[in-house]
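A short worksheet on the structure shown next.
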Amino acid sequence: MEKSAIDKAKKIFLSIFSGLDRQLALILLGLAGLGFIIFLSASQNTPVRFEDELRNLALSFAVMWIVSRIPPKWLEMAAVWIYGIGVALLIAVAVFGLIKKGARRWLNIGFVIQPSELMKIAMPLMLAWYFQKREGIQKSWDYGVAAIILGIPVLLIARQPDLGTALLVFAAGMYVIILAGLPWKWILPFVGIGAFGIILIIIFGNTICAHDVAWPFVHNYQKHRVCTLLDPSSDPLGKGFHTIQSMIAIGSGGFFGKGWFQGTQAHLEFIPEKHTDFVFAVFSEEFGLLGNLVLLALFFALIKRGLAISASAPNLFTRLLGASVTLIFFTYAFVNIGMVSGLLPVVGVPLPFISYGGTALVTLGFGAGILMSIHRHRRLVQS
């Protein structure tokens, strides 16, 4: 009787995970496991409970499983609708959204949602659909149309203001546009202008920041973030506090770390948002460089596997969509770690599957489900 129950449970388990890419699933489980371990420490003295994180992780993986069962052709058919609903929700946020901490980013539809998170998936879906439709007849002006498709939600999100999410949505769309064949002669001038601007900020940034002069097209708090990045010690107890304390936490971890639950910076409340945006600082302090190498190895494996799945995808839509979703994971990790390490300005970007979160974690699960779907249906999709 016991053997029969075990066999039945085994069949149910195998049926649930059948068709999933095993390598990708193991990598995600590894990241989620590390995320839950550090959450137990980082969430001390915060209002969130470990049951909340378990629920969010379960919901994220449930979304991944459901999306993995959806054929890419269905996603392609729904792309315009998903994008249209996302833009409509962003317009609704601009008109009567909820205001928290000076930003209008949320919408109450019986429960509170953040529509900008949807655009991180809707954007690559829409652009991949567009270039799939234009395959073989693609013209130069198609990139202009793509830029309009990309620009509308990015501007709406930036107005909330939510620069971090706007940059992520912009990056998600640009990955598709570049992979669709955007000529390098159009890319390099923007790269050159960006590099020139960064050099000017590095050389003259401190001088400009020393004078209380408004920057064009930039909110004051965004200007302060750049100035804090250049010299956190200019306001050590104010705007530079977050960066200074997170860098102290990372450095104090040494090679092996101080040990689980032994991080002084985190548990003495020096690290802000320690279970969300700055969780990498807590992880570094408690697990040290060795733990960071394991974490980075898992992210590298995630990017490598995602690109491998995309490379073997059978048509342009799935190749563009899979690669852009994979590079979104890279962007999340790169921006968050750079921000916490003092290499990039502080923006609200979580560390994938490590930071505590609700909507963002579900969005990541949706993206992982897309990769699973492309792998699962790769022989069924016609070029």
Cβ pairs under 6 Å, 6+ apart, first in region 176-190 and closer than 16 Å to residue 148 by Cα, second among the polar types (S, T, N, Q)
176/324
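Restricting attention to region 338-350, does a residue exist that is at positive phi and touching a residue at least 40 places away in the same chain (Cβ under 8 Å)?
Let us first name the residues in region 338-350 that are at positive phi, namely 342.
Next, only the ones that are touching a residue at least 40 places away in the same chain (Cβ under 8 Å) stay: 342.
Yes, region 338-350 has at least one match.
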Counted residues, region 36-94 - those being assigned to a helix (DSSP H, G or I), without any contact (Cβ under 8 Å) to a residue 40 or more places away in the chain and charged (D, E, K, R)
2
Just name the residue that is nearest to residue 355 (Cα to Cα) out of those in region 243-284 that are more than 23 Å from the chain's Cα centre (by Cα) and of a type in the set (D, E, K, R).
269
Could you tell me whether any residue of region 354-370 is outside any helix (DSSP H, G or I), crowded, with 24+ Cβ neighbours inside 10 Å and out of contact with any Ser or Thr (no Cβ under 7 Å at 6 or more places or on another chain)?
yes
Filtering region 188-242 down to residues that are within 26 Å of the chain's Cα centre (by Cα), modelled with pLDDT under 70 and not in a helix (DSSP H, G or I), which residue is farthest from residue 103 (Cα to Cα)?
217
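For the condition at pLDDT 95 or above, of a type in the set (Phe, Trp, Tyr), within 29 Å of residue 246 (Cα to Cα) and surrounded by 19 or more Cβ atoms within 10 Å (Cβ to Cβ), what is the one hit in 299, 278? Walk me through how you get there before you give the answer.
Numbers: 278 fails: at pLDDT 95 or above.
On inspection, the qualifying residue turns out to be 299.
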Every listed condition ((1) touching a strand residue (DSSP E or B) at 6+ places or on another chain (Cβ under 7 Å); (2) over 18 Å from residue 362 (Cα atoms); (3) of a type outside the set (A, V, I, L, M)) holds for residue 106 save (2)
Matching residues in region 59-86 - criterion: being closer than 22 Å to residue 166 by Cα and more than 21 Å from the chain's Cα centre (by Cα):
80, 81, 84
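Return the total of residues in region 79-99 being of a type outside the set (A, V, I, L, M) and closer than 14 Å to residue 159 by Cα. Show your work before the answer.
Going residue by residue through region 79-99, those that are of a type outside the set (A, V, I, L, M) are 81, 83-84, 86, 96-97.
If we keep only those that are closer than 14 Å to residue 159 by Cα as well, we get 96-97.
Of the residues in region 79-99, 2 are of a type outside the set (A, V, I, L, M) and closer than 14 Å to residue 159 by Cα.
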Only one of 173, 181 is within 21 Å of residue 307 (Cα to Cα) and part of a loop (DSSP other than H, G, I, E, B), namely 181
For region 312-330, how many residues are surrounded by fewer than 20 Cβ atoms within 10 Å (Cβ to Cβ) and among the hydroxyl-bearing types (Ser, Thr, Tyr)?
1
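Out of curiosity, is residue 309 surrounded by 23 or more Cβ atoms within 10 Å (Cβ to Cβ) and either aromatic (Phe, Trp, Tyr) or within 20 Å of the chain's Cα centre (by Cα) (or both)?
Details: surrounded by 23 or more Cβ atoms within 10 Å (Cβ to Cβ): yes; either aromatic (Phe, Trp, Tyr) or within 20 Å of the chain's Cα centre (by Cα) (or both): yes.
Criteria met by residue 309.
The values are calculated or read from the model by the stated rules, or taken from the named source; none is laboratory data. It should be emphasised that the depicted structure is a prediction, and the values quoted were computed from it without experimental measurement. In this analysis, Cβ positions are derived from the backbone assuming ideal geometry, glycine residues included, and neighbour counts consider all displayed protein chains.
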